[in-house]
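This report concerns only the one structure given below.
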Amino acid sequence: MARDGAVYACQSCGAVHAKWAGQCTACGAWNTLVEESTARPPGALAPARGAKGRGLAFEGLESLSTTQPRIVTGVAEFDRVCGGGVVPGSAILLAGDPGVGKSTLLLQVCAQAARRGAACAYISGEEAVEQIRARAHRMGMADAPVKLAAETALRDIVEALKREAFDLVVIDSIQTLWSDAHEAGPGSVTQVRACAGELVRLAKRRGVAVVLVGHVTKDGQIAGPRVVEHMVDAVLAFEGERGYPFRILRGAKNRFGATDEIGVFEMGDAGLSEVKNPSSLFLNEGGERAAGAAVFAGIEGSRPVLVEFQALVAPSVYGTPRRTVVGWDGGRLAMVMAVLEARCGLGFASRDVYLNVAGGLRISEPAADLAAAAALASSALDAALPQECVVFGEISLSGDIRPVSRMEARLKEAAKLGFSRALAPVGAGGGPGVTVTGVARLAEAISRIGDQAWD
Ligand code: TYD
Ligand code: MG
């Protein structure tokens with residue numbers, strides 16, 4: 001039995017259990033239950049019986065017109081993902097793997113915003129002020145009037161934010177904060193939830209924009225900070241593949257803007273630089289396009305992005321063939337392979353299949369179906385697509401190619417980057433400089449690849 005005032009909280013999903021167990025029954029994670037105290041904070045009184053609330057002071061909708069304008073930080077890619085700047089009084093969670101560059105990004109955001117006149121504070125619980133200063137020097141931002149502090153005690157941070165009026169405050173990271181009103185250790189669900197709750201309330205009350213940094217665990221879940229997701233106004237994910245310099249900022253939730261917007265950065269010696277034309281990054285330049293490669297004309301948020309899909313279909317040496325996919329959805333790959341087998345007679349039994357999206361980008365659009373199928377067929381049939389060809393289109397289970405959104409924009413971007421041909425759904429029209437080979441059925445697209453018949 002649990003002791004009085006003790007419960008067991010799952011550190012992965014936040015579910016609370018009365019008894020300890022090896023596995024959380026809510027999310028299925030193992031060894032994540034940790035004892036937490038439900039005791040009232042020292043000094044807090046029990047609510048009196050029959051106590052009444054104070055009532056609410058209602059306001060009208062029209063007061064919206066008097067809200068402050070957004071804080072445009074000057075880091076354009078960051079501003080765009082936020083929906084055109086940071087909304088005063090909002091709370092943002094920036095989540096990402098350790099080492100992906102969250103601290104670097106937010107220091108740059110603070111420095112740029114401060115240079116443009118915003119009052120910015122950067123509070124770190126992970127690095128000493130001297131370390132942060134050294135990094136700012138290296139990035140050429142030593143002159144920016146950012147106020148730095150190294151602190152983990154929530155009480156002191158809250159007091160500081162009450163005393164001084166800031167426009168933008170960065171807390172790096174939420175897992176290092178510690179509130180003395182709770183007994184659980186820093187990083188526990190109780191502490192993370194309590195500290196985030198207090199900071200979000202403070203942000204709303206004082207009109208300060210607060211950015212909280214949250215580290216993600218290896219399995220891709222934001223442990224701890226997951227419980228923060230519903231408290232904040234926006235959740236931004238900062239992603240990057242190890243070994244690639246590219247970093248992608250993605251809106252996962254945003255009360256003040258679109259969530260499909262991405263920001264692209266490149267990590268260099270002097271911090272992160274913004275990438276204005278991402279297509280040029282994700283394309284494998286130079287040389288003949290090999291069999292198994294297909295250039296997908298995609299749309300990420302409001303921008304068209306060209307990216308190469310690479311497939312390898314090889315005889316399997318194991319009983320169960322391997323299916324490995326990087327940068328795309330495994331379930332979607334299984335579906336495309338099933339349609340290729342059933343509708344086009346392209347078999348994958350006893351063959352290993354590898355699919356990779358070049359450059360470390362993650363694609364989630366259904367419009368990529370045809371590009372993936374083309375790459376797979378090209379490798380299986382050992383027939384390369386034309387060098388100057390882009391591919392897009394959604395595949396249905398019946399083997400039809402469906403039109404997708406913003407086909408004109410995709411073709412325009414392709415033309416801009418020197419592509420003159422597109423394998424696309426019927427009705428994609430033709431952009432200036434791009435000849436479209438319209439296909440209504442997947443089988444037709446595959447036989448064109450196999451026969452190298454493009455005209
Ligand atoms: P950091 O911002 O500390 O990551 P996070 O806060 O997400 O844990 O970034 C750390 C990595 O970035 C580290 O591996 C070094 C690299 N880096 C550069 O390559 N160039 C730079 O100018 C900076 C500041 C960091
Ligand atoms: Mg950091």
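The values are calculated or read from the model by the stated rules, or taken from the named source; none is laboratory data. Here the structure is a predicted model, which means the values were calculated and not measured. Virtual Cβ from ideal backbone geometry, glycine too; neighbours counted across all protein chains shown. Surface areas here come from the heavy atoms of the whole protein model, side chains and all, with no ligands, DNA or RNA. Shrake-Rupley method; radii C 1.70, N 1.55, O 1.52, S 1.80 Å.
Kindly indicate the residue of the stretch 1-33 that is over 28 Å from the mean Cα position of the chain (by Cα) and at pLDDT below 80 and also farthest from GLU183 (Cα to Cα) among those meeting that condition. Looking at the filtered set, the residue picked out is MET1.
Only residues that are assigned to a strand (DSSP E or B) and either without any contact (Cβ under 8 Å) to a residue 12 or more places away in the chain or of a type in the set (Val, Ile, Thr) (or both) were counted in the stretch 300-328, giving 6.
Can LEU376 be described as assigned by TED's automatic domain parsing to the domain that holds ARG323 and either under 20 Å from VAL326 (Cβ atoms) or open to solvent by 30 Å² or more (accessible area, probe 1.4 Å) (or both)? The answer is yes for LEU376.
When the residues of the stretch 397-422 are filtered to those that are touching a residue at least 60 places away in the same chain (Cβ under 8 Å), open to solvent by less than 60 Å² (accessible area, probe 1.4 Å) and not in a loop (DSSP other than H, G, I, E, B), the one that is nearest to ASN277 (Cα to Cα) is GLU413. Kindly indicate whether any position in the stretch 242-265 is free of Cβ contacts under 8 Å to residues at least 60 places away in the same chain and open to solvent by less than 60 Å² (accessible area, probe 1.4 Å). Yes, the stretch 242-265 contains a residue that is free of Cβ contacts under 8 Å to residues at least 60 places away in the same chain and open to solvent by less than 60 Å² (accessible area, probe 1.4 Å). The single residue among GLY96, GLY74 that is modelled with pLDDT under 95, in contact with a Lys or Arg (Cβ under 6 Å, 6 or more places away or on another chain) and within 16 Å of ligand 2 (Cβ to nearest atom) turns out to be GLY96.
For (1) away from ligand 2 (no atom under 15 Å from the Cβ); (2) farther than 14 Å from VAL213 by Cβ; (3) outside the structural domain of LEU272 (by TED's automatic domain parsing), each residue gets a yes or a no:
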site: ARG70; (1), (2), (3): yes, yes, yes
site: VAL81; (1), (2), (3): yes, yes, no
site: VAL87; (1), (2), (3): yes, yes, no
site: SER124; (1), (2), (3): no, no, no
site: GLY140; (1), (2), (3): yes, yes, no
site: LEU154; (1), (2), (3): yes, yes, no
site: ILE157; (1), (2), (3): yes, no, no
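Just one of (1) more than 15 Å from ligand 1 (Cβ to nearest atom); (2) open to solvent by 40 Å² or more (accessible area, probe 1.4 Å); (3) among the aliphatic types (A, V, I, L, M) fails for VAL313. It is (2).
Considering VAL129, VAL100, VAL87, VAL75, the condition of being in contact with a Phe, Trp or Tyr (Cβ under 7 Å, 6 or more places away or on another chain) and within 16 Å of ligand 1 (Cβ to nearest atom) is satisfied by VAL100 alone.
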